[in-house]
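Everything below concerns the one structure shown next.
What follows draws every value from the coordinates through simple rules; no lab data is involved. Predicted model, so just to flag it, every value in this text is computed and none were measured. Quick reminder, even Gly has a Cβ in these numbers, built from the backbone with ideal geometry, and neighbours come from all protein chains shown.
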Amino acid sequence: MNIVFVEPNFPRNQREFARALHEVGATVFAVGETPWEWLDEQLQSWVDHYYQIGSVTDVDQLRMAVEHFQSIAWIDGLEATIESHLLPAAIVREATGIPGTSVRTTWLCRDKPAMKETLRAAGVPTAASAAAHSLDDLRDFVDEHGYPVILKPRAGAGAAGTTRVDSFAELVDVAATFGATESIAIEEFVEGHEGFYDTLSVDGHIGLDFACHYYPGVLEAMRTRWVSPQYISTNRVDEAPFYQELRDLGERVNEVLGIHTAPTHMEYFVSPKGLRFSEIGARPPGVGCWDLYAAGNDIDIYRAWADAIVHHQVWHVPSRAKAAGIIALRPDRDGTITSISGWDEITAKYGESILDSHLPVGSATQPVEAGYMANAWVRMVHPDYDVLRGMLDDVGNTVRVHAG
């Protein structure tokens, strides 16, 4: 099977998708922004044909690359795994007659107001939301649903550009920052525990699934320097009754949005009103989450993805042997990371449970809102979810990242 894969070189884990396609027998046609000669020998060995363009998000350039590949071989699939690449890939896919996730499905998985409107119409429980084109639209929404509300870009990824608003003065200030965009999404703020549910679907059926929990919620985690946020992939998804309810929700969301053979990343809330859908992307989760799933479940998840794309089968069975999680460690100020204290104590206590870590002494700090892997971080595994959570809490209380 001949598969075009978009951007195999950046970010770093993109190479794993090319590797997996190669290992399951696909001929890999890759489109990227990096010159071929700059790719390392290992990555080159997994790619059979390569076409460099200036931007993989430019539809015309991407279509030119794909049509070049079609001139030399029949192309069976065109795959992208980065949020900003998905819609250009879908547009080119339909324009060149390649099967796969449709433009409609891709757009619904990016445009938050349209996504939620479609799901609400199908009976999926979601927070109230709307697309706002003006301050009057925002005020009308607040008049109906009250404060607090959440404002975010219609097609943002993760918590990027997302703000909680508690008053009209804040509404005016935040709305002004969105002035360059055509419209923004406004949503009812849902109080409750926040997590995510990730799937790998084949021909409309979920072949693999995983569930994670945030501590604290994403909005607080990405806005508060003193917090050392964490998320943990649970190994109890086949045991606790709640996860069957979550699975039912995920199945319904995938069905309504028309997801057939693709990975998904779905955010959810557990509120006083019950389980509520938040949003979904037709892509893998970010910040190395798939690596945690692989470590906790003794599987090559990238190869499972490639099997789904190439063979329309998933043979991997998650072991659920371990919970796996990451904790982000924030510098005490902006500047350059000068030292990290407490790490020796943590390695002495939990060395066997530490999967890997990133302790970038000498590097410039990154903004808090840049995410879980922006500065220092530690990833750990343990057979018991509650024990692992306690370990990660201990890391957050012990390790200090000093900047100057």
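Listed by chain and number, the lysines placed with their C-alpha closer than 27 angstrom to that of Lys349 are Lys322; residues fewer than eight positions away on the same chain are left out.
Stretching the chain fully between Asp300 and Asp58 yields a gain of 84.0 nm (0.36 nm per residue, less the alpha carbon separation). Rounded to the nearest 20, the size of the Cβ-charge dipole of region 2-100 about its Cα centre is 120 debye, with Lys and Arg at +1 and Asp and Glu at -1.
Scanning the chain for long hydrophobic helices, with DSSP H runs required to stretch 18 angstrom or more by C-alpha along their axis and to average at least -0.5 on the Kyte-Doolittle scale, returns 83-95, 385-398. Placing unit charges on the Cβ atoms of the charged side chains and taking the dipole of the chain about its Cα centre, the candidate lying farthest along the positive direction among Thr118, Ala185, Thr163 is Thr163.
With the simple model of a label 7 Å out from the Cα in the direction of the Cβ, Arg223 to Gln244 spans 3.8 nm. In summary, the lysines within cross-link reach of Lys273, defined as a Cα separation below 19 angstrom excluding same-chain residues under 8 places away, comprise Lys116.
Ranking Leu151, Tyr50, Ile3 by Cα position along the charge dipole of the chain, where only Lys, Arg, Asp and Glu carry charges on their C-beta atoms, puts Leu151 farthest toward the positive end. For Ala80, neighbours were defined as the other residues whose beta-carbon sits under 11 Å from its Cβ, and their charges (Lys and Arg +1, Asp and Glu -1) total -1. Globularity index of region 193-403 is 1.05 (Cα radius of gyration / 2.2 N^0.38 Å, N = number of residues). Placing unit charges on the Cβ atoms only, positive for Lys and Arg and negative for Asp and Glu, gives region 181-232 a dipole magnitude near 340 debye about its Cα centre. Of all lysines in the structure, those lying under 16 Å Cα to Cα from Lys112, and not within fewer than 8 positions of it along the same chain, are Lys152.
For Phe5, the residues whose amide H sits under 5 Å from its own are Phe29, Ala30, Val31, Glu79, ignoring neighbours fewer than 5 places away on the same chain, with H placed 1.01 Å from N. Relative to one another, the C-alpha centroids of region 327-348 and region 1-73 are positioned 37 Å apart. Each label point was placed 7 Å from the Cα along the Cα-to-Cβ direction; for Glu41 and Glu170 their separation is 5.6 nm. Other residues whose C-beta falls under 11 angstrom from the C-beta of Cys109 contribute a net charge of +1, scoring Lys and Arg +1 and Asp and Glu -1.
Comparing Ser363, Tyr350, Trp377 along the charge dipole axis of region 340-404, the residue lying farthest to the positive side is Ser363, per the Cβ-charge model. Would you mind counting up the charge near Arg333? Only other residues with Cβ under 13 Å from its Cβ, with Lys and Arg at +1 and Asp and Glu at -1. It works out to a net charge of +1. Mean residue ellipticity at 222 nm, helices only, the chain: -10000 deg cm²/dmol; runs of at least 4 DSSP H residues each add -39,500 (n - 2.57), and the sum is divided by the number of residues.
Rounded to the nearest 20 debye, the dipole magnitude of the chain is 240 debye, with +1 charges on Lys and Arg beta carbons, -1 on Asp and Glu beta carbons, and the Cα centre as origin.
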